[in-house]
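Asks: One structure, as structure tokens, below. Some questions next.
The values are calculated or read from the model by the stated rules, or taken from the named source; none is laboratory data. Not measured: the values here are computed from a predicted model. Don't worry about glycine lacking a Cβ; one is built from the backbone with ideal geometry, like all the others, and counts go over all protein chains shown. Quick note on the areas: whole protein, heavy atoms, side chains included, nothing else; ligands and nucleic acids left out. Shrake-Rupley method; radii C 1.70, N 1.55, O 1.52, S 1.80 Å.
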Amino acid sequence: MTNKIAFQGEPGAFSNAAANNVFPGQDMLGCVTFEETIAAVQSGRADYAVVPVENSLYGRITDIHHLLPQSGLFIIGETYLRVEMTLLGVPGATLADIKSVQSLSVALGQCRRFITENGYRTINAVDTAGSAREVAEKGDKSVAAIASRLAGEIYGLNVLAANIEDASHNTTRFLVLSPHEQRAPQGGKVKTTFVFRVRNVPAALYKAMGGFATNGINMTKLESYMVDGNFTATQFYADIEGHPNDPGVIHAFEELDFFTDSMHVLGVYPAADHR
């Protein structure tokens, strides 16, 4: 055990905050890419990874859908993080001093109204937390970063304005990944995540989904994506509420199997409350 938790981004990234929520007090390992984050767990450099899978504004995180099924890792949990954007300035700076704001392009887009109202010039960067670090290093009172409150604490910046995002519902769902399968027990709120490919027959997807409807199984997520650039090989990623040993899920999976070429369960884990 390394007692390290891998996440994508620099210290202070929103993924860092999500990892802290799940593993408070543990050592964190920031990684440049999602591939590196997953590889850290595969190689044993980290015990777990916490990665984003979807956002309430921007939808699915495509890279994770492609990487996870082939990673050999298992989903053992989930957490939701309310994304609260914060305007961070160097010590001594005030709102009146700010002329430019720096952040990840997605973060700038989420704060468009605030930026427009204040007439700020925008500076695109590769990371929210990295922007906070760069603003702290430059020491320019006229430039602020848009990042998490945690990033401000790490890099010694002051909060000039909080909750500046346009949409108050901006929330990201994260998955907890492990190299070892840890299935949640039956009972309580459980989610099962799996991937499958339907057979090349008419209405295969419609028929494959029928078993979930007839057995009263709630499917909370169904995403399709191309496999290996092949237009005819479509893989589906799905979340359902329930445990594979529940009678209804057993029957639904039996019917799914009849219309699919392959099916693989990625994780059976406690469902987190979405606040």
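Asks: Read phi for every residue in region 209-215 and hand back ³J(HN,Hα) as whole Hz from Karplus 6.51 cos²θ - 1.76 cosθ + 1.60, θ = phi - 60°, with x for Gly and Pro.
Replies: Once θ is set to phi - 60°, the couplings for region 209-215 become 7, x, x, 6, 5, 5, 9 Hz.
Asks: On to the next question. Could you give the length gained by full extension between A162 and R82, i.e. 0.36 nm per residue of separation minus their alpha carbon distance, to one decimal place? Mind showing how you got there, number by number?
Replies: Working: separation 80, 0.36 × 80 = 28.80 nm, distance 1.31 nm.
Length gained, A162 through R82: 27.5 nm.
Asks: Would you kindly derive the ³J(HN,Hα) couplings of region 175-184 from the backbone phi angles with the Karplus curve 6.51 cos²θ - 1.76 cosθ + 1.60 (θ = phi - 60°), listing them in order in whole Hz, with x for Gly and Pro?
Replies: 10, 9, 10, 9, x, 10, 5, 9, 6, 5
Asks: Here's another thing I want to ask about it. Taking amide hydrogens as modeled 1.01 Å from N in the peptide plane, which residues meet the under 5 Å criterion relative to E165, leaving out close sequence neighbours?
Replies: Amide H to amide H, under 5 Å and 5 or more residues apart or across chains, E165 pairs with M85.
Asks: Run down the lysines and flag those whose C-alpha is under 26 Å from the C-alpha of K207, throwing out any fewer than 8 positions away in its chain.
Replies: Partners found: K191, K221.
Asks: Could you please state how large a percent of the accessible area of the chain is carbon and sulfur, counting protein chains only and using a 1.4 Å probe? Kindly include the intermediate steps, with their values, before the conclusion.
Replies: Numbers: 6510 of 12890 Å².
Carbon with sulfur: 50 percent of the solvent-accessible area.
Asks: Moving on to the next point. Using only alpha-carbon positions, what ratio does the radius of gyration of the chain give when scaled by 2.2 N^0.38 Å? List each step's numbers first, then the result.
Replies: Working: Rg = 21.1 Å, N = 275, 2.2 N^0.38 = 18.6 Å.
Here the answer is 1.13, to two decimals.
Asks: Could you tell me which of the pairs K99/K138; K99/K141; K4/K189 are separated by over 20 angstrom between their Cα atoms in the structure shown?
Replies: Long pairs (Cα-Cα over 20 Å): K4/K189.
Asks: Sticking with this structure for a sec: Residue by residue through region 115-122, which ³J(HN,Hα) values in whole Hz follow from phi under the Karplus form 6.51 cos²θ - 1.76 cosθ + 1.60 (θ = phi - 60°), with glycine and proline marked x?
Replies: 5, 5, 4, 9, x, 7, 7, 9
Asks: Starting from the amide H of A184, placed 1.01 Å from N in the peptide plane, find each other amide H under 5 Å away whose residue is 5 or more places distant or on another chain.
Replies: V268, Y269
Asks: Also, I was wondering about something else. At 1.4 Å probe size, put K221, K189 in order of accessible surface, largest to smallest. Before the final figure, lay out each step's value.
Replies: Numbers: K221 15, K189 125 Å².
Correct descending sequence by accessible area is K189, K221.
Asks: Pop a pseudo-label 7 angstrom from the Cα along the beta-carbon direction at both Q186 and V126 and give the gap in nm to one decimal.
Replies: A separation of 4.9 nm, rounded to one decimal place.
Asks: Return the long-range amide H neighbours of R199 (sequence gap of 5 or more, or a different chain), with a cut-off of under 5 Å between placed amide H atoms.
Replies: Correct list: T260, D261.
Asks: Follow-up. In whole angstrom, note down how far apart the Cα centers of region 102-154 and region 6-26 are.
Replies: Measuring centre to centre over Cα atoms gives 19 Å.
Asks: Sticking with this structure for a sec: For region 32-138, what is Rg from Cα atoms divided by 2.2 N^0.38 Å, rounded to two decimals? Don't skip to the answer; put the middle values down first.
Replies: Details: Rg = 17.2 Å, N = 107, 2.2 N^0.38 = 13.0 Å.
It is 1.32.
Asks: Any idea of the accessible area per residue across the chain, 1.4 Å probe, to the nearest Å²?
Replies: Details: 12890 Å² over 275 residues.
Using a 1.4 Å probe on heavy atoms only, each residue of the chain averages 47 Å².
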